[in-house]
Amino acid sequence: EDDEIIDVEAEVSTIMQELDQGMAEVLAQLDDEFSKFRTGRADPRMLDRVRVKQHAVDVALSHVSQVTAPDPKTLTVQVFDPDFVSSVEKALRTSGLDINPMVAGQTIRIAVPKMTQETRVKLAKQAAQLGESSKVKVRRVRHLGLERGNKIKLTKDEQKKFDKDVQAVTDKAVKEVDDKVKAKQAQLTGDE
């Protein structure tokens, strides 16, 4: 009987650790998505989604070049192979980021334009949408944790405590998502 109690406690502990890990992964994904937003400041990660045609295959910009931010308003793209400079330039122009790449040899310079109010509002809405999809992921992680908890033999009191603990972890993660969205929206809509 003591072994059963230890097994149940160990199982609950494992489920709670996995819940924490799942919530942390959702929050890390949200941070990663937010890092790709164009905020009016040069950040090499804003070009992470740019795909370049290389031998009829789309590859990530990072596979054919190195992107740096020498100052807060400029990005520099150093293309590895001179044959791909025009492909990289085209990919940057058609990326939907409203940037104007300037080619100088194998180096492409991008002056990061100041964001218009319209762009700021649009990105703030995107931030809210990403927040909502992150909350859905949090609830999915919660649901999986509760399902696993229902499969182990818990007394009524243990089940109540388990459900309460799962909800506490969920509420904390949802609050963190809300805080991250508010902070990002404030960064986007505030003046730089």
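What about residue 121, is it open to solvent by less than 30 Å² (accessible area, probe 1.4 Å), among the aliphatic types (A, V, I, L, M) and in a helix (DSSP H, G or I)? Show your work before the answer.
Working: open to solvent by less than 30 Å² (accessible area, probe 1.4 Å): no; among the aliphatic types (A, V, I, L, M): yes; in a helix (DSSP H, G or I): yes.
Answer is no for this residue.
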Test: residue 15 is hydrophobic (A, V, I, L, M, F, W, C) and either part of a loop (DSSP other than H, G, I, E, B) or within 30 Å of residue 169 (Cα to Cα) (or both): yes
Would you point out which residue out of 168, 173 is aliphatic (A, V, I, L, M) and buried (at least 17 other Cβ atoms within 10 Å of the Cβ)? 173
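Among the residues of region 106-117, is any farther than 21 Å from residue 39 by Cβ and either touching a strand residue (DSSP E or B) at 6+ places or on another chain (Cβ under 9 Å) or open to solvent by 80 Å² or more (accessible area, probe 1.4 Å) (or both)?
Pass one, region 106-117, residues farther than 21 Å from residue 39 by Cβ: 106-107.
Checking which are either touching a strand residue (DSSP E or B) at 6+ places or on another chain (Cβ under 9 Å) or open to solvent by 80 Å² or more (accessible area, probe 1.4 Å) (or both) leaves us with 106-107.
Yes: region 106-117 contains one or more residues that are farther than 21 Å from residue 39 by Cβ and either touching a strand residue (DSSP E or B) at 6+ places or on another chain (Cβ under 9 Å) or open to solvent by 80 Å² or more (accessible area, probe 1.4 Å) (or both).
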Is it the case that residue 12 is touching a residue at least 24 places away in the same chain (Cβ under 8 Å), within 18 Å of the chain's Cα centre (by Cα) and crowded, with 18+ Cβ neighbours inside 10 Å? no
Boolean, residue 53 is surrounded by fewer than 18 Cβ atoms within 10 Å (Cβ to Cβ) and not in a helix (DSSP H, G or I): yes
Selection from region 124-141 of residues that are within 16 Å of residue 34 (Cα to Cα) and either surrounded by fewer than 16 Cβ atoms within 10 Å (Cβ to Cβ) or not basic (Lys, Arg) (or both): 124, 125, 126, 127, 128, 129, 130, 131, 132, 133, 134
Show the residue pairs that are 6+ apart or on different chains and have beta-carbon atoms under 8 Å apart, the first residue being within region 142-164 and open to solvent by less than 80 Å² (accessible area, probe 1.4 Å), the second being polar (S, T, N, Q) and at pLDDT 95 or above. 142/167; 142/170
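Filter region 26-57 down to residues that are free of Cβ contacts under 8 Å to residues at least 24 places away in the same chain and charged (D, E, K, R), then give me how many there are. Break it down stepwise before answering.
Taking region 26-57 and keeping what is free of Cβ contacts under 8 Å to residues at least 24 places away in the same chain, we get 28, 32, 35-36, 45, 48, 55-57.
Narrowing further to those that are charged (D, E, K, R): 32, 36, 45, 48.
Adding up the residues that qualify gives 4.
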Take region 176-191 and flag every residue that is open to solvent by 60 Å² or more (accessible area, probe 1.4 Å) and not in a helix (DSSP H, G or I). 191
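The values are calculated or read from the model by the stated rules, or taken from the named source; none is laboratory data. Every value quoted in this text rests on a predicted model; they were computed, and no experiment measured them. Don't worry about glycine lacking a Cβ; one is built from the backbone with ideal geometry, like all the others, and counts go over all protein chains shown. SASA here: full protein model, heavy atoms, side chains in, ligands and nucleic acids out. Shrake-Rupley method; radii C 1.70, N 1.55, O 1.52, S 1.80 Å.
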